[in-house]
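Below: one structure, written as structure tokens.
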Amino acid sequence: MAITREEVWRVAALARLRLAPEEAERLAGDLDHILEAFARLSALDTRAVEPTAHVEDFGALLRPDSVENPPAGDEPLTNAPARDGRFFRVPKILE
Amino acid sequence: MTALHELSLREAAARVRRRETSSVELVRAALARIAAVEPAVGAFLTVTEAEALAAAEAIDRRVAAGEDPGPLGGVPVGIKDMICTAGIRTTAGSRILERFVPSYDATVTARLKRAGAVVVGKLNCDEFAMGSSTENSALGTTRNPWDGSRVPGGSSGGSGAAVAAGECHAALGTDTGGSVRLPAAFCGVVGLKPTYGRVSRYGVIAYASSLDQVGPLARDVADAALVLEAIAGHDAADSTASPRPVPSYSAVLEQGVRGLRLGLPREYFVEGMQPEVEAGVRAAVRELERLGAVIEPVSLPHTEYAIATYYLIATAEASSNLARYDGIRYGLRIPADSLGAMYETSRAAGFGTEVKRRIMLGTYALSAGYYDAYYLKAQQVRTLIRRDFEQAFQHCEALVTPVAPTTAFRLGEKVADPLTMYLSDIFTISVNLAGLPGLVVPCGFDTAGLPIGLQVIGRPFDEETVLRVGAAYERATEWHRRRPGI
């Protein structure tokens, strides 16, 4: 199976990545090469096999429902690329 | 007399406790060593000289006041730059986090400090831990201390190189598919990937959350055991950190391997392996047999599917985890007219080639029409891989295997072909998929003078047995005492 250029653009849009045309070209080749090698998985009959999402053997751990986090001060804003007082600045999202 | 920077972590901590050496002296020795070898090694992205000296002075005051400085008291350590350090830049080796300064410590950072360790700096790695050679770091090149034309392994290449070169007495790495064990093998040091859930991931920058685990790199097994004791255990901030009690790993190291059944998986000795690696590992297995272990041939039949399974699951999880880098609250932002354009241009400028490749692969595997064929399929094969280990462990207490098919390869040798690079992980990734502990100890050198590693894989939460095997092997051999001539 071959990955088309159109599919690369579709996936890049889903991943919010702006690709240069030569980058998209190279990625199409890379993904094709990688997925071709990975196609060997389809040789295995897994119809009766449960998927493993996680290896853990213990259930959800719950703590008493009490407030433990100190109130956030200015800290979450210290790495802001742009801020306005206590707010993150972003481009306008509504016209 | 052994130079201060060459002391084992245990010996350095014991000297501080006995007041024979001060923590400030140890830190100054480490900083001097860093200044001397960094131009050739390049293990560090950030050296925290002022903070380390202040922390060392505080330890020395506590010792002078008769207090116990902790099991790692006063000893210089390094931390992979995937792990958050309050007030110290934490980059994940990426342009997108080049100026990111966390406001809090990861749980493992806090626990190291609580045990008295002094952090001397942050160590280089492949960007977001995606790589097997550290060549994917956007922020620097790390070279193998045994041969500067070779890679240190990855993704925790800075951690392996710094410990091997004597720049710190131990280091933390992270291991998602072999990222602690491969650099340990390539740099000739000890590395341990604990069982999934043994160590908290809180404050560790996420790559693939069902596989990521923090582990120590050290100069011998006893030092690695000591660091694991300090960082392991339940953490209210990470619901995947197991509530099981943490045993005293140091207490079991003398027990030896007599009567222990060690499995030798036949799929881990394959065509195309560097013959010296196979010979080195087979000699180590014979040594363990001489020490009284019983070697059992076992089979892990789904090994050949592990790379595909891993790279589908890990990239799917990564594409989701890395969605958070959007230029809004932290990290690189490239200003643009609209919000959508800002996301796309910031991510395009901030991520390197391999990270983009993995985000694209993972997004593709999760996207409509491909989910069942790739992601769900990989999760099902993950079950089969896990069962292979469960069946093998019915016949033995641990497995002994090579770490990688070759010793350290040359810088630039594999960067052009991602699939060739992925094959470096063939003997390490199944361990992450099954969530098992894996220890690496040095077991020889090839004719080019490059280290060979032996991997010991254990049952879930049985770090004690893998450490016991590693310690018994170390007592019988001298490989772990060799240091690069840098």
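The values are calculated or read from the model by the stated rules, or taken from the named source; none is laboratory data. For clarity, every value in this text was computed on a predicted model and none was experimentally measured. No Cβ is skipped: glycine too gets one built from the backbone with ideal geometry, and neighbour counts run over all protein chains shown. Surface accessibility is based on the protein's heavy atoms, side chains included, excluding ligands, DNA and RNA. Shrake-Rupley method; radii C 1.70, N 1.55, O 1.52, S 1.80 Å.
So the values come out like this:
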read-out: Selection within region B:257-281 - surrounded by fewer than 17 Cβ atoms within 10 Å (Cβ to Cβ) and outside any strand (DSSP E or B); value: B:ARG258, B:GLY259, B:ARG266, B:PHE269, B:VAL270, B:GLU271, B:GLY272, B:PRO275, B:GLU278, B:ALA279
read-out: Test: residue in region B:230-245 that is in contact with a Phe, Trp or Tyr (Cβ under 6 Å, 6 or more places away or on another chain), among the acidic types (Asp, Glu) and farther than 25 Å from B:ILE452 by Cβ; value: yes
read-out: Unique residue being at positive phi and not aliphatic (A, V, I, L, M) when the list is B:GLY263, B:GLY331, B:GLY280; value: B:GLY331
read-out: Residue ranges of helices (runs of 4 or more DSSP H) in region B:282-393 with at least 3 members under 24 Å from the mean Cα position of the chain (by Cα) and either modelled with pLDDT of 95 or more or among the small types (Gly, Ala, Ser) (or both); value: B:306-321, B:353-366, B:377-392
read-out: Answer residue from region B:80-134, given it is in a loop (DSSP other than H, G, I, E, B) and of a type in the set (Val, Ile, Thr) and is nearest to the other protein chains (Cβ to nearest Cβ) among those; value: B:VAL101
read-out: Selection from region B:174-188 of residues that are touching a Pro at 6+ places or on another chain (Cβ under 7 Å) and touching a residue at least 60 places away in the same chain (Cβ under 8 Å); value: B:ALA185, B:PHE186, B:CYS187, B:GLY188
read-out: Candidate set: region B:349-377, residues that are among the hydrophobic types (A, V, I, L, M, F, W, C) and open to solvent by 20 Å² or more (accessible area, probe 1.4 Å); chosen: the one farthest from A:PRO21 (Cα to Cα); value: B:LEU376
read-out: Failed item in (1) surrounded by fewer than 24 Cβ atoms within 10 Å (Cβ to Cβ); (2) within 25 Å of B:ARG33 (Cβ to Cβ); (3) charged (D, E, K, R), with B:ARG99 passing the rest; value: (2)
read-out: In region B:378-401, the residues that are open to solvent by 30 Å² or more (accessible area, probe 1.4 Å), within 14 Å of another protein chain (Cβ to nearest Cβ) and not basic (Lys, Arg); value: B:GLU390
read-out: Test set (1) assigned to a loop (DSSP other than H, G, I, E, B); (2) closer than 30 Å to B:ALA368 by Cα - A:SER66 fails condition number; value: (2)
read-out: Conditions (1) surrounded by 22 or more Cβ atoms within 10 Å (Cβ to Cβ); (2) within 14 Å of chain A (Cβ to nearest Cβ); number of the one not met by B:THR303; value: (1)
read-out: Qualifying position, being in a loop (DSSP other than H, G, I, E, B), more than 7 Å from chain B (Cβ to nearest Cβ), under 30 Å from A:THR4 (Cβ atoms) and of a type outside the set (Asp, Glu), among A:ARG16, A:ARG47; value: A:ARG47
read-out: Leading residue by the ranking (farthest from the other protein chains (Cβ to nearest Cβ)) among those in region B:306-330 that are among the small types (Gly, Ala, Ser) and open to solvent by less than 20 Å² (accessible area, probe 1.4 Å); value: B:ALA314
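Table: residues versus (1) of a type in the set (Phe, Trp, Tyr); (2) open to solvent by less than 10 Å² (accessible area, probe 1.4 Å); (3) closer than 20 Å to B:GLN213 by Cα; (4) at pLDDT 95 or above.
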site	(1), (2), (3), (4)
B:LEU419	no, no, no, no
B:THR428	no, yes, yes, yes
B:VAL441	no, yes, yes, yes
B:PHE461	yes, no, yes, yes
B:VAL466	no, yes, yes, yes
B:ARG475	no, no, no, yes
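The rows are residues; the columns are (1) at pLDDT below 90; (2) open to solvent by 50 Å² or more (accessible area, probe 1.4 Å); (3) touching a Pro at 6+ places or on another chain (Cβ under 9 Å); (4) over 18 Å from B:TYR343 (Cβ atoms).
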{"site": "A:ALA2", "(1), (2), (3), (4)": "yes, yes, no, yes"}
{"site": "A:VAL11", "(1), (2), (3), (4)": "no, no, no, no"}
{"site": "A:GLU22", "(1), (2), (3), (4)": "no, yes, no, yes"}
{"site": "A:LEU27", "(1), (2), (3), (4)": "no, no, no, yes"}
{"site": "A:PHE38", "(1), (2), (3), (4)": "no, no, no, yes"}
{"site": "A:PRO71", "(1), (2), (3), (4)": "yes, yes, no, yes"}
